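Only one structure is covered here, and it is reproduced in the block below.
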Amino acid sequence: MSILLTKYVFPPVFVDNARKFVGQFGVTKSGPVDEYHFLYNNTLLDNTPELSALECIGPLQLTIIEPIVLAFTGSCKVFINGQLLQGAVGLFEPGSLLDIHPLQDGFRFYIGCYSGFTADAVFHSNNAVPREGFGPTPQLNTVIHPHQTISKTDSNLQNVLNKGTSKPHFLNFLLSVSPKVTVDSTEAYCPKQQKGLPGEQDEVWIPFIKNFQYEVFTFAQRYRFLNEVFTITPESNRMGYRLEQHAGLSHEIVLENSQVTILGGLQITPSGQTIVLMNDKQTVGGYPIMGTVTQLGRARLGQLSAGRQIRFVAQDIYSAHAQQLLLRARIEYLCAAEV
C-alpha cells in the first residue's frame with residue numbers, strides 16, 4: 001500500500017495539524033494553507049486532522065505500487081490511466097498511473113490516503129519547512145507509504161468509498177460565499193458581495209479581522225487599504241503573500257520592540273508593501289500589522305496565483321468565527337450526505 005512520486009513541477013509538501021506549541025523553539029507551526037480543502041480531504045477519508053496529506057501545486061504524476069485509497073481535493077482534475085476520475089475518492093490498484101492537473105480557476109490541491117501518510121516526524125508532525133531545512137520533503141521517485149495497509153473487508157473503508165466516489169474535488173462555495181460583516185469595514189465604507197468563482201470576476205474578497213495596531217495607522221491609510229485593489233506578486237509563497245497596490249501605504253511607524261508574528265497577519269512595510277503572513281512565516285517580525293486574514297481568507301489566497309487581484313473586507317471576530325464554524329459544518333454535511 002504505497003505510491004511512487006514520478007513527476008512534478010513543484011515538489012509537494014507534507015501537511016497536517018499535529019504541530020503545536022513550538023514557538024519557543026523558533027519553529028513555525030506550518031500546516032495546510034487551505035484549511036478547508038485539507039479538512040474536506042481528511043473528512044472524506046475518515047482521517048483525523050493530525051494525519052498527513054500532500055499539499056501540491058502544479059501538475060503531478062503518481063504510480064501506484066500497492067493497493068491504496070486516495071482522496072483528491074482542491075483545484076485538480078485526476079486521470080487514471082488516461083481516464084478522468086469522476087469522484088474525489090478512489091481505490092487504486094498496483095500499476096495504475098495517476099496524472100493530476102490543477103484547474104484553471106484554482107491553484108492548490110491536496111492528496112490524502114486512508115489512514116494518512118507516514119514520514120519522519122519533527123515535533124510530532126510531518127510538516128516540512130524547506131527554507132529552514134527540516135521536516136520530511138518528498139523528492140522525485142520517492143516512495144510514500146500510508147500508516148496502515150488496507151483490507152477490502154474493512155466496513156469503514158467501504159463506507160468511505162461508497163460516499164467519497166460521488167463527491168467533487170473543488171468546493172465552489174468557499175469562493176462564492178459572501179464574508180459575513182456586522183461592523184463597518186471603515187467609516188462610511190460598505191463592502192460589495194462577491195459572486196462567482198475567481199475566473200468570473202476581477203477581484204476576490206479576502207476577509208480580515210482588525211487588530212489592536214489597526215488604530216496606529218491614520219484614517220487616510222486605513223481608508224486607502226480598505227478601498228485598494230491589490231495584485232498577488234510572483235514572490236508569494238507558503239511563507240507569505242506579497243501584494244502590489246496603486247495607492248501608497250508607506251508610513252513611519254516604528255514599533256518599540258519586535259513582536260511574535262501571527263498566521264494571517266497583514267504586515268505593512270515602511271515602503272508600503274502589504275504582506276500576508278502564511279503558514280511557513282517567520283516567528284518574529286517588526287512591521288506593524290493592520291489585522292489578521294481569517295481562515296476563509298487564507299483558503300481563498302491559497303487558491304489564487306500571481307497576477308490575481310484581491311480586496312480586503314473587515315469582519316468582527318464573532319462573525320469570522322461563526323462563518324468558520326458554518327463552513328466546517330457544511331463540509332461535514334457534504335461528506336456525510338448520500339448522493
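The values are calculated or read from the model by the stated rules, or taken from the named source; none is laboratory data. Just so it is clear, the model here is predicted, and its values are computed rather than measured. Don't worry about glycine lacking a Cβ; one is built from the backbone with ideal geometry, like all the others, and counts go over all protein chains shown.
In the range 53-63, of all residues being assigned to a strand (DSSP E or B) and over 14 Å from the mean Cα position of the chain (by Cα), the one that is farthest from Ser305 (Cα to Cα) corresponds to Thr63. The residues of the range 196-215 that are among the charged types (D, E, K, R) and at pLDDT 90 or above amount to a single one, Lys210. Count of the range 18-40 residues, restricted to those that are at pLDDT 95 or above, part of a loop (DSSP other than H, G, I, E, B) and under 24 Å from Leu157 (Cβ atoms), is 1. Restricting to the range 284-305, count the residues that are modelled with pLDDT under 95 and either of a type in the set (A, V, I, L, M) or touching a Ser or Thr at 6+ places or on another chain (Cβ under 8 Å) (or both). Residues that pass the stated criteria total 6.
In the range 203-217, the residues that are without any contact (Cβ under 8 Å) to a residue 60 or more places away in the chain and in the same structural domain as Gln259 (by TED's automatic domain parsing) form Cβ pairs under 9 Å with partners that are outside any loop (DSSP other than H, G, I, E, B) and of a type outside the set (A, V, I, L, M, F, W, C), at six or more places apart or across chains, as follows: Glu215/Arg222. The requirement of being among the β-branched types (Val, Ile, Thr), surrounded by fewer than 24 Cβ atoms within 10 Å (Cβ to Cβ) and under 23 Å from Phe107 (Cα atoms) is satisfied by Thr63. Residues that are in contact (Cβ under 8 Å) with a residue 60 or more places away in the chain, surrounded by fewer than 20 Cβ atoms within 10 Å (Cβ to Cβ) and not hydrophobic (A, V, I, L, M, F, W, C) were ranked within the range 117-130; the one that is nearest to Val143 (Cα to Cα) is Thr118. All told, Thr43 meets the bar of being outside any loop (DSSP other than H, G, I, E, B) and either within 28 Å of Arg330 (Cα to Cα) or within 14 Å of the chain's Cα centre (by Cα) (or both).
Those strands (runs of 3 or more DSSP E) of the range 251-339 in which 1 or more residues are touching a strand residue (DSSP E or B) at 6+ places or on another chain (Cβ under 6 Å), among the aromatic types (Phe, Trp, Tyr) and within 17 Å of Lys210 (Cα to Cα) occupy 309-315. Can Thr137 be described as in contact with a helix residue (DSSP H, G or I) (Cβ under 7 Å, 6 or more places away or on another chain), under 30 Å from Gly26 (Cβ atoms), surrounded by 12 or more Cβ atoms within 10 Å (Cβ to Cβ) and in the same structural domain as Val89 (by TED's automatic domain parsing)? In short, yes. Of Thr283, Thr292, all but one fail to be under 16 Å from the mean Cα position of the chain (by Cα) and hydroxyl-bearing (Ser, Thr, Tyr); the exception is Thr292. Does at least one position in the range 245-264 carry a residue that is under 25 Å from Ser178 (Cβ atoms), in the same structural domain as Arg222 (by TED's automatic domain parsing), buried (at least 22 other Cβ atoms within 10 Å of the Cβ) and of a type in the set (S, T, N, Q)? No, because not a single residue in the range 245-264 is under 25 Å from Ser178 (Cβ atoms), in the same structural domain as Arg222 (by TED's automatic domain parsing), buried (at least 22 other Cβ atoms within 10 Å of the Cβ) and of a type in the set (S, T, N, Q).
Is there a residue in the range 102-124 that is in the same structural domain as Phe72 (by TED's automatic domain parsing) and modelled with pLDDT under 85? So far as the range 102-124 goes, yes, one or more of its residues are in the same structural domain as Phe72 (by TED's automatic domain parsing) and modelled with pLDDT under 85. Entry remark, the range 315-336: residues being within 22 Å of Asn42 (Cα to Cα), in contact (Cβ under 8 Å) with a residue 12 or more places away in the chain and not charged (D, E, K, R) number 8 in total.
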